[in-house]
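The next block holds one structure in the form of structure tokens; read it before the comments.
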Amino acid sequence: MKGKLIGFIGVANPTQNITSHDFLQNIGFFVYDAMQKHEINDRILALSLKDELTVIAMTKP
Amino acid sequence: MRIMGPTDVSIKMKNIDFFNKNYPGGFFAYKADDDGEFVFVSKFLLDMLGYTIEEFKKATGNTFNGFVYPADRPNALGKINAEAPTSKDNAFNSCPYRVKKKDGNLIWLHDEGHLVTLDNGTKLHFVVVIDITDYKRVLTSQSALIACIKALSSSEGFEGQMKTVLESVFTYYEGSRCVIHSIYNGGKKMRNEYERCADGVPSISNLLQNVSTKNFGPFIDSLEKHDYIMVRQ
């Protein structure tokens, strides 16, 4: 996605719609968006619970 | 509706040779009894399926029941028997079902049938079929895609959303295993995030955690270059 491979969806031994690649391609876009949204939500949650400046200060020697 | 005597049927059928060779769609007739024995099959239908008439008879048992793909048989026969008119002259019944071609692939047919009673009381289904495989594929793809989008935009948790998506993909392709893998650490590592296995297929999710992508070099290289890749044995 955007020139960077972040994952893939795979199907082993499909028995129908074998030549319908467009379905997986379309699903990939939506899954990518959902994963990005999920990551951002996690990041926001982490930021709301932790003071990054303090953490940095604590971890630096 | 009474149209012709039983002995006339074959003569009439010979007279429609022109239509048989040129009609854009398959047509056939079969007896409206338990077996549904074929009395006529058009050349175009045979060409569509890749059979000679002898091969067709052998593959289907020369019956409509044997013609319809087993998984679709109960619905198709049930619908035809329920809708087939026994008293109305101009009523038709229709239903979609799959049939197997000579090469083993399945195609979807749309069936428009008409039940006709001959002079001697014999009942025959006269049927026209067209190949709707591409249409069904698009329709199924759209339905599955809409189900995924609905799941992803729902208030369901992320885990539930991914499982719903995976289930839709699994159902659409009817594969033995469906997976979502993530690639991280600058493309160096990958892991299985979600997996959906068919009945009797063991999970391998535990084996594919924190795996080096180097182990899948050509596979990853192909994914970097293309939106999809197909691996054939």
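Summary table below
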item: 31 Å Cα-Cα threshold exceeded, pairs from B:K31/B:K102; B:K31/B:K100; B:K101/B:K214; A:K4/B:K100; B:K163/B:K214; B:K58/B:K136; result: B:K101/B:K214; A:K4/B:K100
item: Peptide A:25-32 - average C-beta neighbours from other chains (10 Å radius); result: 5
item: Inter-label distance, nm, simple model (7 Å from Cα along the C-beta direction), B:T171/B:T52; result: 4.3 nm
item: For chain B: span of alpha carbons on each principal axis (Å, largest first); result: 78, 38, 30
item: Eligible aspartates and glutamates near B:K189 by straight Cα distance, threshold 15 Å, same-chain separation 8 or greater; result: B:D221, B:E224
item: Proximal aspartates and glutamates relative to B:K43, as straight alpha-carbon distance under 18 Å, when same-chain residues fewer than 8 apart are discounted; result: B:D17, B:E54, B:E55, B:D103, B:D111, B:E112, B:D131
item: Ordering of A:21-32, B:97-108 by burial proxy (mean other Cβ atoms within 10 Å per residue, highest first); result: A:21-32, B:97-108
item: A:I40/B:A147 FRET efficiency (R0 30 Å; Cβ-Cβ; nearest 0.05); result: 0.75
item: Pair A:D33, B:S222: separation of 7 Å Cα→Cβ label points (nm); result: 2.9 nm
item: For the range B:132-172, convex hull of alpha carbons as volume per residue, Å³; result: 41 Å³
item: Highest-fluctuation residue, B:Y173, B:Y69, B:Y184 considered, GNM on chain B with Cα pairs under 10 Å; result: B:Y184
item: Number of partner chain Cβ atoms within 10 Å, mean per residue of B:162-173; result: 4
item: Projected label distance in nm at B:D35 and B:K189, using a 7 Å step from Cα toward the beta-carbon; result: 6.7 nm
item: Rg to Rh quotient for the range B:39-131, alpha carbon positions, Kirkwood Rh; result: 0.97
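The numbers here are math on the coordinates, done by the rules we state, and not lab data. Because the structure is a prediction, the values reported are computed rather than measured. Cβ: placed from backbone, ideal geometry, glycine included. Neighbour counts: every protein chain shown.
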